[in-house]
DNA sequence: TTAATATAGTTAGATTGCTTAACTATTAAC
DNA sequence: GTTAATAGTTAAGCAATCTAACTATATTAA
């Protein structure tokens, strides 16, 4: 006989699974992969803050993936002419990247449709519930990340 | 200048990203992949309901992946001795699968630790908030799945 | 100053989790 | 009986990572 908690736990697992297979990142008309879009936005965000570029290690750290992962994604974006690689004047090892004009256009367009998609989601579930969702998911993330640390030790 | 909704939208995107990269399926001591664990549990659930086995198409439908995906996972589980393939007496095409004794043991052990992990999560965020989370995520899933249908047409 | 250590990024290879295409055997519909 | 649909399988391909190994550069220690 399941306890109340066990029922909730099962429901959580199930909805987590469903979410895990969700395409909340919409497909790009320009044929970019999801990972590429995310990195593009990451670069855009940083350069909007006034930085001349963003380094592989910074993207890697922000997105919590390894730098070879970022390098491969950047290679794709570079091939598609959406980013350029610069030289860092303080550190010859570093390779800051920034958007090309083409990249900026792509980011702008996808930002708009992205934002539209999410503001509509907020309208769908309500503003207060959306804020609540952010809060709850943040705590879920915190729980599992702390659990992961414990497991490692 | 960002509107309130845009701020919430950004926060949602960010926490969705973090959540999507979360390992809420814990690693199996027996070296099983996450996908294998999920399929094992799917089989277990159905056979607990009294069915003699579950077909590829049923798993495929429940988990919302294609049948070649399921076949490949089943191949792995079969190799590891965790499932057996049966003959369907009504339809010679169908291949119902069920757990071996070994598979039952694996499912039992992982079910326990799985459930423990999630009941602790529920204790962490609270029972009412956990129920709220199920509800909210379910609506998020519904929103994006409906949005996907629209896009296809 | 030189040597040892650490760091930034890259390439290559491997794994996982899917998908689609093509196929065979079987079943259902006409 | 013939045609169309279905169940499952195999093979190949793609996306999204990771680790290992490497080179060049910067930092630290001797």
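What follows draws every value from the coordinates through simple rules; no lab data is involved. From a predicted model like this one, the values you see are computed outputs, not experimental measurements. Here Cβ is always computed from backbone atoms with ideal geometry, including for glycine, and neighbour counts include all displayed protein chains.
Of A:116, A:128, A:48, which has the largest mean-square fluctuation in a 10 Å C-alpha GNM of chain A?
A:128
Is the shape of the protein assembly as shown best called rounded, prolate or oblate, per the rule: a/c under 1.5 gives rounded, else a/b larger than b/c gives prolate, else oblate, with a ≥ b ≥ c the square roots of the Cα gyration tensor eigenvalues?
Prolate shape, in that a/c is at least 1.5 and a/b is the bigger ratio.
Return a whole-number percent for the relative contact order of chain A, with Cα pairs under 8 Å and 6 or more residues apart as the contact set.
18
With a ≥ b ≥ c taken as the square roots of the eigenvalues of the C-alpha gyration tensor of segment A:73-153, please select rounded if a/c is under 1.5 and otherwise prolate if a/b is larger than b/c or oblate if it is not?
Working: a/c = 3.43, a/b = 1.33, b/c = 2.59.
It comes out oblate by the Cα gyration axes.
Once the Cα atoms of helix A:67-79 and of chain A are each reduced to a long axis, what angle between those two axes, in degrees from 0 to 90 to the nearest 10, is obtained?
Roughly 60 degrees between the two axes.
Between the helical axis of B:101-125 and the dominant principal axis of chain B, each derived from Cα atoms, what acute angle in degrees is found, rounded to the nearest 10?
Orientation of helix B:101-125: about 20 degrees from the principal axis.
Can you give the angle from 0 to 90° between the axis of helix A:4-20 and the longest principal axis of chain A, with both taken from C-alpha atoms, to the nearest 10?
30
Take chain A, connect every pair of alpha-carbon atoms lying under 10 Å apart with a spring to form a Gaussian network, then pick out the residue of A:92, A:139, A:46 with the largest mean-square fluctuation.
A:139
Could you line up A:119, A:138, B:79 from fewest to most neighbouring Cβ atoms inside 10 Å?
B:79, A:138, A:119
Kindly state, to the nearest 0.05, the FRET efficiency for residue B:21 paired with residue A:67, given R0 = 22 Å and r defined as their beta-carbon distance.
0.85
I need the inter-copy label distances for residue B:4: point set 7 Å along Cα to C-beta, values in nm with one decimal, smallest first.
3.3
Using a label point 7 Å beyond Cα on the Cα-Cβ vector, give me the inter-copy distances for residue A:146 in nanometres, one decimal, shortest first.
From this label point to the equivalent ones elsewhere in the assembly: 3.6 nm.
Under the definition of partner shielding as Cβ atoms of other protein chains within 10 Å of a residue Cβ, what is the mean value for peptide B:2-14?
For peptide B:2-14, the averaged partner shielding equals 6.
Within segment A:97-121, name every residue whose backbone N is under 13 Å away from a label modeled 7 Å from Cα of residue A:80 along the Cβ vector.
A:100, A:102-111, by backbone N distance to the label point.
Run the numbers for residue B:127 and residue B:150: contour at 0.36 nm per residue of separation, minus the present Cα-Cα distance, in nm.
4.8 nm
Could you check which residue among A:124, A:78, A:143 shows the biggest mean-square fluctuation in a GNM of chain A with a 10 Å Cα cutoff?
In this elastic network of chain A, the residue with the biggest mean-square fluctuation among A:124, A:78, A:143 is A:143.
Can you give me the pair-distance distribution of segment A:33-126, C-alpha pairs, 10 Å bins, whole percents?
Calculated P(r), rounded to whole percents: 16, 47, 26, 9, 2.
Can you give me the Cα centroid spacing of segment B:109-153 and segment A:106-153 in angstrom?
13
Taking R0 as 51 Å, what's the FRET efficiency between residue B:30 and residue B:89 from their Cβ-Cβ distance, rounded to 0.05?
Calculated transfer efficiency: 0.95.
With r as the distance between the Cβ atoms of residue A:57 and residue B:120 and R0 = 41 Å, compute the FRET efficiency 1/(1 + (r/R0)^6) and round to 0.05.
So, using R0 = 41 Å, E works out to roughly 0.75.
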